[in-house]
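The values are calculated or read from the model by the stated rules, or taken from the named source; none is laboratory data. Keep in mind that what you see is a predicted model, and the values were worked out from it rather than measured. Note that each Cβ is placed from the backbone with ideal geometry, even for glycine, and that neighbours are counted across all protein chains shown. Note: accessible area is taken over every heavy atom of the protein model, side chains too, but ligands, DNA and RNA are not part of it. Shrake-Rupley method; radii C 1.70, N 1.55, O 1.52, S 1.80 Å.
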Amino acid sequence: MTFETLANTIRSRFKTQIADVYGLPTQYDNAGLDRPHALHGRLTINWGETEQVSLGAPAGRRFRTVGVMTVSLFVPVEHGDQPALEAADRITTAFRGVEDAQVHFGTPSIVRVGRSESTWQINVHCPFWADDLG
């Protein structure tokens, strides 16, 4: 699986399961977003290592790419963290232990970042991996 295919699979799942369903304005890697004065998010794909995980003939070798999908959730300061926590719960439910087009998602974790300029930030980190033969 190419990096482009892997990234598109992750973004597509997020868009169809979270952004479109819940109306979450989301900024994707190297894309713009007019930041609304309400809950909004930023999806980032953090690539890890790719390594060979099996032996065999060249066509039968398995290579695994790992990484972490990070969704940063922002709400205006002094509006509480409930909207961000609700969104974090939805993301966790949509990705926990799921396989989508040969991309495996692990167990998400939620990290309180706190104040970031005029917003309150909570991150959801979800590990993923995908295998490629060849």
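Within region 1-28, restricting attention to residues that are of a type in the set (D, E, K, R) and surrounded by 11 or more Cβ atoms within 10 Å (Cβ to Cβ), the residue that is nearest to the chain's Cα centre (by Cα) is Arg11. Restricting attention to region 84-113, the residues that are at pLDDT below 95 and not acidic (Asp, Glu) total 2. For region 95-117, check the following and say yes or no: at least one residue is surrounded by 13 or more Cβ atoms within 10 Å (Cβ to Cβ), touching a Pro at 6+ places or on another chain (Cβ under 8 Å) and in contact (Cβ under 8 Å) with a residue 40 or more places away in the chain. Yes, some residue in region 95-117 is surrounded by 13 or more Cβ atoms within 10 Å (Cβ to Cβ), touching a Pro at 6+ places or on another chain (Cβ under 8 Å) and in contact (Cβ under 8 Å) with a residue 40 or more places away in the chain. In region 118-134, which residues are loosely packed, with under 13 Cβ neighbours inside 10 Å and part of a strand (DSSP E or B)? Leu133 - this is the single residue of region 118-134 that is loosely packed, with under 13 Cβ neighbours inside 10 Å and part of a strand (DSSP E or B).
For region 22-49, filtering for residues that are among the β-branched types (Val, Ile, Thr) and in contact with a helix residue (DSSP H, G or I) (Cβ under 9 Å, 6 or more places away or on another chain) leaves 2.
If you scan region 45-87, which residues turn out to be open to solvent by less than 40 Å² (accessible area, probe 1.4 Å) and part of a helix (DSSP H, G or I)?
Matches in region 45-87: Ala84, Ala87.
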